[in-house]
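The values are calculated or read from the model by the stated rules, or taken from the named source; none is laboratory data. Everything numeric here is computed off the predicted structure, so don't read it as measured data. Glycine also receives a Cβ, built like all others from the backbone with ideal geometry; neighbour counts cover every protein chain displayed.
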Amino acid sequence: MRIVSIPVGLTPHHLLALRGISTFMADQLTGPISQSINSGHYDEAVNKTEQLFPTARNARDPNAQALVYLYQAEALYRLMRLEEALEHTRQAAVWLRSEVTQVATYNQAVALYFEGLLHFILRADTHALHAFNTAQEALVQSERFWDFEQNAIRSTTCRTLARWMSTLRNLTGSTPPGGLMIVPVYEMVNRTLTLVDAVPVTPFLVQLPKDALAAYLPENYVPLEIEAVLFLQLWPDVHYLALRILRKGELVRQSQVGDILLIEATSSVSPQEITLTRDMPFVRRADGKIIFGPYEQQDEIFSGIPRLLIKKGTKL
């Protein structure tokens with residue numbers, strides 16, 4: 001299985017367009033349900049979408065049913081309930097195909113992308129490629145529609161999503177068997193922190209003394225015969241990303257131009273804490289954490305721990 005650290009903004013609840021459903025439904029999806037997903041309360045998000053679904057079903061609204069299912073599919077994916085997430089995503093795509101609006105076509109492309117992503121994670125590469133191809137074809141039409149509506153953010157999202165799928169497609173035949181983490185790579189392009197690639201990283205065991213290991217365990221856990229920990233954490237709610245180094249000594253003194261710095265994103269940061277600009281998209285704090293952002297479509301700023309420096313020309 002592959003675990004994919006999905007880029008900021010390229011998950012269903014960030015991507016979907018909620019036009020055409022009732023105000024109540026939209027408020028529930030963008031409000032409490034999105035908040036549960038963003039805060040990592042995925043069981044709560046599943047329960048809330050289950051409670052909301054009968055409202056969409058009773059209204060005989062295939063569009064609303066599909067959107068609720070896609071929000072639920074994302075929460076199920078985060079809980080590693082992958083088969084259920086895939087079933088929900090496929091059913092959502094069926095409902096969206098019955099709609100004839102341009103917004104439904106865009107949302108169907110999002111559903112196909114997420115279906116392809118789940119197949120990619122499960123190493124069902126033939127199915128993943130088919131879903132990605134179909135999604136990319138739909139995104140061409142959707143980009144024209146959003147351009148016509150002068151919605152630059154949606155139009156840019158279509159291009160970024162298509163580029164991300166192409167990156168994943170290129171990895172289908174080149175990644176070794178076994179557990180693997182796929183991490184998105186960002187660099188500065190036109191003074192914006194931009195998704196440019198992905199790097200496969202193989203997890204490995206780290207030997208630690210018990211007193212050091214205790215710092216990584218819950219407070220009520222006492223390590224006994226445990227001396228090794230797994231790195232990376234192969235769990236979809238642990239978010240990793242990579243920054244491509246463009247100047248020698250940037251962020252860490254050992255870095256060289258072209259190296260990739262792997263970061264574990266730990267939390268969002270209040271804009272009042274630090275001001276980042278397009279000229280300064282990331283900063284290393286005195287405690288060693290790196291603050292980075294904003295991204296192409298997202299205004300969020302994150303704090304992260306630098307975990308690994310991958311030297312240019314090498315992969316783990």
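Odds and ends about this structure:
- Selection over the stretch 103-127 of residues that are without any contact (Cβ under 8 Å) to a residue 24 or more places away in the chain and outside any helix (DSSP H, G or I) gives a count of 1.
- Screening the candidates Gly173, Gly179 for the property of being in contact with an Asp or Glu (Cβ under 9 Å, 6 or more places away or on another chain), at pLDDT below 90, under 17 Å from Ala124 (Cβ atoms) and exposed (fewer than 14 other Cβ atoms within 10 Å of the Cβ) yields one hit, Gly173.
- Against the test of being over 28 Å from Ile310 (Cβ atoms), touching a Ser or Thr at 6+ places or on another chain (Cβ under 8 Å) and among the aliphatic types (A, V, I, L, M), the options Ala128, Ala111, Ala152 yield a single qualifying residue, Ala111.
- Within the stretch 1-12, the set of residues being buried (at least 17 other Cβ atoms within 10 Å of the Cβ), out of contact with any strand residue (DSSP E or B) (no Cβ under 7 Å at 6 or more places or on another chain) and in a loop (DSSP other than H, G, I, E, B) comprises Ile6, Leu10, Thr11.
- The stretch 1-49, residues that are without any contact (Cβ under 8 Å) to a residue 24 or more places away in the chain and acidic (Asp, Glu): Asp27, Glu44
- The stretch 1-51, residues that are within 27 Å of Ser166 (Cα to Cα) and among the hydrophobic types (A, V, I, L, M, F, W, C): Met1, Ile3, Val4, Ile6, Val8, Leu10, Leu15, Leu16, Ala17, Leu18, Ile37
- Selection within the stretch 238-257 - surrounded by 14 or more Cβ atoms within 10 Å (Cβ to Cβ) and part of a loop (DSSP other than H, G, I, E, B): Val238, Ile245, Glu250, Leu251, Val252, Ser255
- Any hit, the stretch 112-119, residues being surrounded by fewer than 24 Cβ atoms within 10 Å (Cβ to Cβ), modelled with pLDDT of 95 or more and among the hydroxyl-bearing types (Ser, Thr, Tyr): no
- Any chance Arg163 is outside the structural domain of Tyr240 (by TED's automatic domain parsing), free of Cβ contacts under 8 Å to residues at least 40 places away in the same chain and part of a helix (DSSP H, G or I): yes
- The lone exception for Asp197 - which of (1) more than 30 Å from Gly258 (Cα to Cα); (2) part of a strand (DSSP E or B) it fails: (1)
- Scanning the stretch 13-58 for residues that are hydrophobic (A, V, I, L, M, F, W, C) and loosely packed, with under 14 Cβ neighbours inside 10 Å gives a single hit, Phe24.
- Among (1) at pLDDT 70 or above; (2) part of a strand (DSSP E or B); (3) more than 21 Å from the chain's Cα centre (by Cα); (4) under 28 Å from Gly9 (Cα atoms), the one test that Val206 misses: (4)
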